[in-house]
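Heads up, the thing below is written out as structure tokens.
The values are calculated or read from the model by the stated rules, or taken from the named source; none is laboratory data. Everything numeric here is computed off the predicted structure, so don't read it as measured data. A quick note on method: Cβ atoms are made from the backbone with ideal geometry, for glycine too, and the neighbour counts reach across all protein chains shown.
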Amino acid sequence: MLKKMYFTAVVFCALCAVLPSGLYADDQALVEEGIRYHTLAEKNPQGNIEKGKEVLFPIIEKNALAKGYYGSLITLEASMYETENNVFKAALYLEKGTALLDEAVVDSPNNIDLRFLRMINSYELSNQSPMNRYKIMKIDIDWLEGQRDILEPGNAGLLDLYTGLYLVKARKLRPAIVAFESCIEVSPGSPEAAEAQIQLDRYGE
């Protein structure tokens, strides 16, 4: 399972520069803390999911990024229920988490961080759960591609990596290979480039 650490590392470093200008300092600190727990929860969900939700919940109605990460945490919680074979509860949490993430994008459609978060979350869920979010993933890929000129190299490489992963699932191997090669070219030495190389070794001619 691909981890979302690629995205988190890129976004968290730039977070202070991209948070909405109307966000109060206290709210900004809560968003940063929520993202920290989200990162921890990807590796160790026990306890970290609840802590992240507790931090973010007070501001999800006034900050789209907080709502998006809150929704993503709920999808991580769904994965826990799935491993416990609680399929019904897992399905409920998947629906709730993705609904919040989609609401966040509607609330702030031009937020690059949210688009990356939903793109990656959609891939993870489509690849690891019964939920198919590839259509949503493609919407965010296309939107982010339209912003390529303003993306930092790490984010451009991340976009290329997940574009390639999407194309593999769509059984379009040739353009997928091109995307993986572009990832390595624009973001050399990065975690996403290392993953792209793994994919090239698997699917390249």
Could you run through the stretch 132-154 and say how many residues are in contact with a Leu (Cβ under 8 Å, 6 or more places away or on another chain) and either assigned to a helix (DSSP H, G or I) or at pLDDT below 95 (or both)?
4
Residue, surrounded by the most Cβ atoms within 10 Å (Cβ to Cβ), within the stretch 160-205, restricted to residues that are aliphatic (A, V, I, L, M) and touching a residue at least 40 places away in the same chain (Cβ under 8 Å)
Leu161
Going by the conditions given, is Ser126 in a helix (DSSP H, G or I), of a type in the set (Ser, Thr, Tyr), over 18 Å from Asp102 (Cβ atoms) and in contact (Cβ under 8 Å) with a residue 12 or more places away in the chain?
no
Every pair of residues 6+ apart whose Cβ atoms lie under 8 Å, when the first sits in the stretch 47-60 and is within 10 Å of Glu77 (Cβ to Cβ) while the second is among the acidic types (Asp, Glu) and buried (at least 17 other Cβ atoms within 10 Å of the Cβ)
Ile49/Glu77
Return the only residue of Leu117, Leu100 being closer than 24 Å to Ile74 by Cα, surrounded by 23 or more Cβ atoms within 10 Å (Cβ to Cβ), touching a residue at least 40 places away in the same chain (Cβ under 8 Å) and hydrophobic (A, V, I, L, M, F, W, C).
Leu117
Subset of the stretch 120-129 that is farther than 17 Å from Asn155 by Cα and not polar (S, T, N, Q) - its residue that is surrounded by the fewest Cβ atoms within 10 Å (Cβ to Cβ):
Glu124
Pairs only if they're at least six apart or on different chains, beta carbon under 8 angstrom, first in the stretch 63-78 and without any contact (Cβ under 8 Å) to a residue 40 or more places away in the chain, second aromatic (Phe, Trp, Tyr) and in a helix (DSSP H, G or I); list them, first residue then second.
Tyr70/Phe57; Leu73/Tyr37; Ile74/Tyr93; Glu77/Tyr93
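Which of the residues that make up the stretch 81-97 are small (Gly, Ala, Ser) and surrounded by fewer than 17 Cβ atoms within 10 Å (Cβ to Cβ)? Walk me through it before giving the result.
Filtering the stretch 81-97 for residues small (Gly, Ala, Ser) gives 90-91, 97.
Answer for the stretch 81-97, where residues must be small (Gly, Ala, Ser) and surrounded by fewer than 17 Cβ atoms within 10 Å (Cβ to Cβ): just Ala91.
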Restricting the stretch 103-114 to residues that are in a helix (DSSP H, G or I) and touching a residue at least 12 places away in the same chain (Cβ under 8 Å), which is surrounded by the fewest Cβ atoms within 10 Å (Cβ to Cβ)?
Glu103
